[in-house]
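Data block below; observations after.
The values are calculated or read from the model by the stated rules, or taken from the named source; none is laboratory data. Here the structure is a predicted model, which means the values were calculated and not measured. Note that each Cβ is placed from the backbone with ideal geometry, even for glycine, and that neighbours are counted across all protein chains shown.
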């Protein structure tokens, strides 16, 4: 597949810059604090499908000092016309609704692809869908003004953009349940303390910190990084004997590729 056109990206409120092994995806709707829409999610899925294997790291960020305020509330207004909205789900059968939400989720799941490492550079608010987008990334680097909140329960909804699994993996069941059900805000210092953030830095150092991390992540051979990510992604679901086998097989592929290269 090809990447979305510049016009399609702009219409979705996104910017995409590719420089060598690095792709930077910016949510660019600063006038609404980078609030998200179904069009944005579908376009993000198309980006994930269209990126070449040459891209080894993806950085996700928000324009204007805010990562993302979550779902654009206009998407919950039945009077909104001319664009796809979340309220359109109510006109669908259960199967159609599930398929549509699956398409939305694919805007998030590609960030876990073993072919590349994803980094969320979070400044300001990451609420609801914004928090889930940050959770979809392998690594989260937070500015000290970052504020995370899983807002869905306060609206009578559940987080459905694939954020619950990585949240549990990061902080454990009990803390994840408390964060989701209370819809409280988690500040940057707590996020680091409970394992949500790789590191927290002053806002003015966020860009340089992420740049340094990108450099470190692109230094090893890409094949080794991909194999390591795949092993770690599956570690919690496999028993020791299975995981030992997967390590052996991965190492065999690495030896043969290095010897053949």
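Pairs meeting the criteria (first residue in region 235-261 and outside the structural domain of residue 170 (by TED's automatic domain parsing), second residue exposed (fewer than 10 other Cβ atoms within 10 Å of the Cβ), beta carbons under 7 Å, at least 6 apart or on different chains) are lacking.
Please work out if residue 183 is in contact with a strand residue (DSSP E or B) (Cβ under 9 Å, 6 or more places away or on another chain), surrounded by 14 or more Cβ atoms within 10 Å (Cβ to Cβ) and on the phi > 0 side of the Ramachandran plot. Yes: the conditions hold for residue 183.
Could you tell me whether region 80-96 includes any residue that is part of a helix (DSSP H, G or I), in the same structural domain as residue 61 (by TED's automatic domain parsing) and under 19 Å from residue 166 (Cα atoms)? No, every residue in region 80-96 fails to be part of a helix (DSSP H, G or I), in the same structural domain as residue 61 (by TED's automatic domain parsing) and under 19 Å from residue 166 (Cα atoms).
From the list 11, 74, 35, 45, the lone residue that is in the same structural domain as residue 111 (by TED's automatic domain parsing) and closer than 23 Å to residue 115 by Cα is 45. Annotation note: of 107, 124, the sole residue that is on the phi > 0 side of the Ramachandran plot, touching a residue at least 12 places away in the same chain (Cβ under 8 Å) and surrounded by 13 or more Cβ atoms within 10 Å (Cβ to Cβ) is 124. For residue 142, the conditions (1) in a strand (DSSP E or B); (2) within 12 Å of the chain's Cα centre (by Cα); (3) closer than 23 Å to residue 56 by Cα all hold with the exception of (2). When 70, 48 are checked against the criterion of being touching a residue at least 40 places away in the same chain (Cβ under 8 Å) and under 24 Å from residue 183 (Cβ atoms), a single residue qualifies: 70.
If you go through region 150-168 and keep only what is farther than 16 Å from residue 111 by Cβ and crowded, with 22+ Cβ neighbours inside 10 Å, you end up with 150, 152. Does region 50-57 contain any residue that is assigned by TED's automatic domain parsing to the domain that holds residue 16, over 30 Å from residue 218 (Cβ atoms), touching a helix residue (DSSP H, G or I) at 6+ places or on another chain (Cβ under 9 Å) and not in a helix (DSSP H, G or I)? Checking region 50-57: not a single residue is assigned by TED's automatic domain parsing to the domain that holds residue 16, over 30 Å from residue 218 (Cβ atoms), touching a helix residue (DSSP H, G or I) at 6+ places or on another chain (Cβ under 9 Å) and not in a helix (DSSP H, G or I).
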